[in-house]
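Below is one structure; the comments refer to it alone.
The values are calculated or read from the model by the stated rules, or taken from the named source; none is laboratory data. On a predicted model such as this, the values are computed, not experimentally measured, just so you know. Every residue, glycine among them, receives a Cβ derived from its backbone with ideal geometry; neighbour counts consider all protein chains shown.
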Amino acid sequence: KGEKEYDLDRFMESAIYAAEPCIIYAFSKDGKWCFCKTYNYSGWIKKENIALGSKKEIEEYCKCKDFIVVTGKKINLVYNPFIEALRNLDIDMGVKLPIETNLSKEELIYDMYSEGNYVVKYPLRESNGELKFTNILIPYNEDVHRGYLKCSRNNILKQIFKFQGERYGWGGEFNGRDCSSLIIDTFRSFGIQFPRNSGDQLKKSVGKTLLVHKEMTYHERLKMLDSLKPGTLIFLNGHVAMFIGNYKNSHYIIHDVIGVFVNKKDYEKKNKGQKEQVNKEKIYLGIKGVTVSELKEIYTSSGKPYIEEIIGIKDIFN
């Protein structure tokens, strides 16, 4: 790939987070890679990044009923001077960690008193590649929640806006997200699992799906947008965004996007306060991150308005 395509590594498809189970189907000839299936994707993962355990112990771990879920964009573990794998480790939104309930308050966790912390079970990979669970501390004041968050439109917006300004990361690159994984991680906070890619999210995820026909006119599409509620997902070919509401007769979305096109005069008018006539000359904004956009102001690389490129709507509350 060229230098300008550094943010689109097609050999990397998806991020796999801590404490996420997978099934191994095959190994590469050199034994360094595993072909795995997670809850929403299949692909090759380096063997050195997988801890091998029994089906029983992994199922018991994943099906625990008393747990915390990370509700912040990321949290950072309390520093551990004894285990290198636990130092400066970020844990992403939606990761679920079982609470250890069989400990006395006097028991130390890696030579640290547990007062003011959740004691949770965390998976480690031993030197022989086998799975081991250890206890770690997550402070009460971290952005975590005991059990899943209550799923409401207000909470969904609170969660997704925690990512505003984060750099775009195709398939989890740069420790970030792309458009569809932004949606996945937001809804993981509520215990709702979404498919990996936007096309499947439209057709195969929970909620009511409205497919938008190509013949629908621009004004019909505007009328459709007027009826949407905050938290509704809007799909284009290869892209997904979340509707956040209407303001002064304009529709707004939040999305993780590499870039958009806008009318040059519109852009200049907004940034200089000038009252100029709108023309059809477009300029490219290399956003490369999570941003809020006014739907009628942005265009795809084909030059068409986003509104005309909408192919579907998804509302999980219907």
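Residues of region 162-176 that are in contact with a Phe, Trp or Tyr (Cβ under 7 Å, 6 or more places away or on another chain) and outside any loop (DSSP other than H, G, I, E, B): ARG167 alone.
Sub-7 Å Cβ pairs linking a first residue in region 36-64 that is part of a loop (DSSP other than H, G, I, E, B) to a second residue that is of a type in the set (Ser, Thr, Tyr) and surrounded by 11 or more Cβ atoms within 10 Å (Cβ to Cβ), at least 6 apart or interchain, are TYR41/SER14, ordered by first then second residue. So is GLY231 crowded, with 17+ Cβ neighbours inside 10 Å, part of a loop (DSSP other than H, G, I, E, B), in contact (Cβ under 8 Å) with a residue 60 or more places away in the chain and over 13 Å from the mean Cα position of the chain (by Cα) or not? When the stated conditions are applied, GLY231 passes them.
Answer with yes or no whether ASN197 is crowded, with 19+ Cβ neighbours inside 10 Å and free of Cβ contacts under 8 Å to residues at least 24 places away in the same chain.
Details: crowded, with 19+ Cβ neighbours inside 10 Å: yes; free of Cβ contacts under 8 Å to residues at least 24 places away in the same chain: yes.
Yes: the conditions hold for ASN197.
In this structure, GLU215 does not qualify as under 17 Å from TYR306 (Cβ atoms), free of Cβ contacts under 8 Å to residues at least 12 places away in the same chain and either not assigned by the TED database to the domain that holds MET93 or not hydroxyl-bearing (Ser, Thr, Tyr) (or both). Of all the criteria given as (1) free of Cβ contacts under 8 Å to residues at least 40 places away in the same chain; (2) in contact with a Gly (Cβ under 8 Å, 6 or more places away or on another chain); (3) crowded, with 18+ Cβ neighbours inside 10 Å, the one not satisfied by MET93 is (1). LEU225 meets each of the listed conditions (1) more than 13 Å from the chain's Cα centre (by Cα); (2) surrounded by fewer than 18 Cβ atoms within 10 Å (Cβ to Cβ) apart from (2). Are any of the residues in region 208-227 touching a strand residue (DSSP E or B) at 6+ places or on another chain (Cβ under 7 Å) and modelled with pLDDT under 95? Yes, region 208-227 contains a residue that is touching a strand residue (DSSP E or B) at 6+ places or on another chain (Cβ under 7 Å) and modelled with pLDDT under 95.
Would you kindly identify the strands (runs of 3 or more DSSP E) lying entirely within region 279-318 that contain at least 1 residues that are free of Cβ contacts under 8 Å to residues at least 24 places away in the same chain?
Values: elements: 282-285, 289-294, 310-315.
Fully inside region 279-318 and qualifying: 282-285.
Annotation note: of PHE27, PHE67, PHE82, PHE11, the sole residue that is of a type in the set (A, V, I, L, M, F, W, C), under 26 Å from ASP185 (Cα atoms), surrounded by fewer than 16 Cβ atoms within 10 Å (Cβ to Cβ) and not assigned by the TED database to the domain that holds LEU157 is PHE11.
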